[in-house]
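Below: the structure, in structure tokens.
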Amino acid sequence: MRIPLLILAALLLTIPRHGLGADQGNPVLVCAVGTPGAPFHEPDNSSRYGWKGLFIDILDRVLVQELGMGLVLEPYPWKRAQKQVEDGNADFLISVPTRERLLYSIASDEPVLKMYLHVYTYAGHPRLDEIRKIATPMDIIKLNLTPVTNEGNGWHKENIDALGIKTLYVPNDGNLVQFLAKRRADIMIDAPITMNHLIRQYGLTEDIVQTDVRFGPVNFHLLMSRKSRHIDLMPKINTAIGKMAADGTL
């Protein structure tokens, strides 16, 4: 799970409506999306935004349907998107509110997405029954298991590597599922919302086992730049997200 690639940075502008859900003169959020990552966001020329995905649906519901704003999406490299928010050139991003990000942004009161991470192993692992009983990262040490993850998985580095659990790293999620299927590692800890899509895509449903063991949740929030000139909109955004959480929409 390469979390930085799932980020959306939003730039608020006051421009006329362009068929995107806001009355003329209302704020229009121009969202910079990182490297495409299904099912969160991926290009779709048939969509009115040019993108489709879970984060797109969330932003559309919160900002357009609930608050009457507009929404425009533009591709951005993740590093530049984050820098835009830090400098106040962009107003929003969707991400995990780490200590570093909270230095330059304010998190929504509630997450827009709670994502749990499950333990996966390869089919036929000789210690599968014991793996299914993992309760804490310390059990990984006790079982002498070797995890594999991708190089951008900050959660793994902070919650698994930090305990001294030796981890193998691969460049991306596609390499990750193939690496585990070839039995080059014992387990991976990742999100079914992304991993199950890739496992099907690579035809590995018979080679990889998803267990019920899970960690998390990893909470994604709307983060508003502290330098944003629209920071006074955050209470309304919080109200909209809170409503969606309460009625089950999220």
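What the table shows:
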| quantity | calculated |
| --- | --- |
| Unique residue being out of contact with any Pro (no Cβ under 9 Å at 6 or more places or on another chain), under 27 Å from residue 38 (Cα atoms) and acidic (Asp, Glu) when the list is 60, 129, 139 | 60 |
| So residue 111, is it over 15 Å from the mean Cα position of the chain (by Cα) and not aromatic (Phe, Trp, Tyr) | no |
| Residue list for the stretch 39-55, restricted to those being at pLDDT 85 or above, under 14 Å from the mean Cα position of the chain (by Cα) and outside any loop (DSSP other than H, G, I, E, B) | 54, 55 |
| Selection from the stretch 56-83 of residues that are over 18 Å from the mean Cα position of the chain (by Cα), farther than 17 Å from residue 225 by Cβ and outside any loop (DSSP other than H, G, I, E, B) | 64, 65, 66, 70, 71, 72 |
| Meets criteria (crowded, with 19+ Cβ neighbours inside 10 Å and in a loop (DSSP other than H, G, I, E, B)) for residue 145 | yes |
| Subset of the stretch 161-210 that is of a type in the set (Asp, Glu) and in contact (Cβ under 8 Å) with a residue 24 or more places away in the chain - its residue that is most open to solvent (accessible area, probe 1.4 Å) | 206 |
| Cross-chain or 6+ apart pairs with Cβ under 8 Å, the stretch 49-63 first and in contact (Cβ under 8 Å) with a residue 24 or more places away in the chain, then assigned to a helix (DSSP H, G or I) and among the charged types (D, E, K, R) | 49/60 |
| Residue in the stretch 228-249 that is in contact (Cβ under 8 Å) with a residue 24 or more places away in the chain, open to solvent by less than 60 Å² (accessible area, probe 1.4 Å), charged (D, E, K, R) and within 30 Å of residue 85 (Cα to Cα) present | no |
| The stretch 84-107 - residue that is crowded, with 22+ Cβ neighbours inside 10 Å and among the hydroxyl-bearing types (Ser, Thr, Tyr) and, of those, farthest from residue 225 (Cα to Cα) | 95 |
| Conditions (1) exposed (fewer than 14 other Cβ atoms within 10 Å of the Cβ); (2) in a helix (DSSP H, G or I); (3) of a type outside the set (Gly, Ala, Ser); (4) in contact (Cβ under 8 Å) with a residue 60 or more places away in the chain; number of the one not met by residue 158 | (4) |
| Single residue of the stretch 108-132 satisfying the filter (of a type in the set (D, E, K, R) and farther than 20 Å from residue 212 by Cβ) that is least open to solvent (accessible area, probe 1.4 Å) | 110 |
| Qualifying residues in the stretch 20-38 (those that are open to solvent by less than 20 Å² (accessible area, probe 1.4 Å) and at pLDDT 65 or above) - the one farthest from the chain's Cα centre (by Cα) | 28 |
| Odd one out for residue 135 among (1) touching a residue at least 40 places away in the same chain (Cβ under 8 Å); (2) open to solvent by less than 70 Å² (accessible area, probe 1.4 Å); (3) part of a loop (DSSP other than H, G, I, E, B) | (2) |
| Per-region count, the stretch 94-132, residues of a type in the set (Asp, Glu) and not in a loop (DSSP other than H, G, I, E, B) | 2 |
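The values are calculated or read from the model by the stated rules, or taken from the named source; none is laboratory data. These figures come from a predicted structure and were not determined experimentally. Here Cβ is always computed from backbone atoms with ideal geometry, including for glycine, and neighbour counts include all displayed protein chains. We work out accessible area using only protein heavy atoms, side chains counted, and drop any ligands, DNA or RNA first. Shrake-Rupley method; radii C 1.70, N 1.55, O 1.52, S 1.80 Å.
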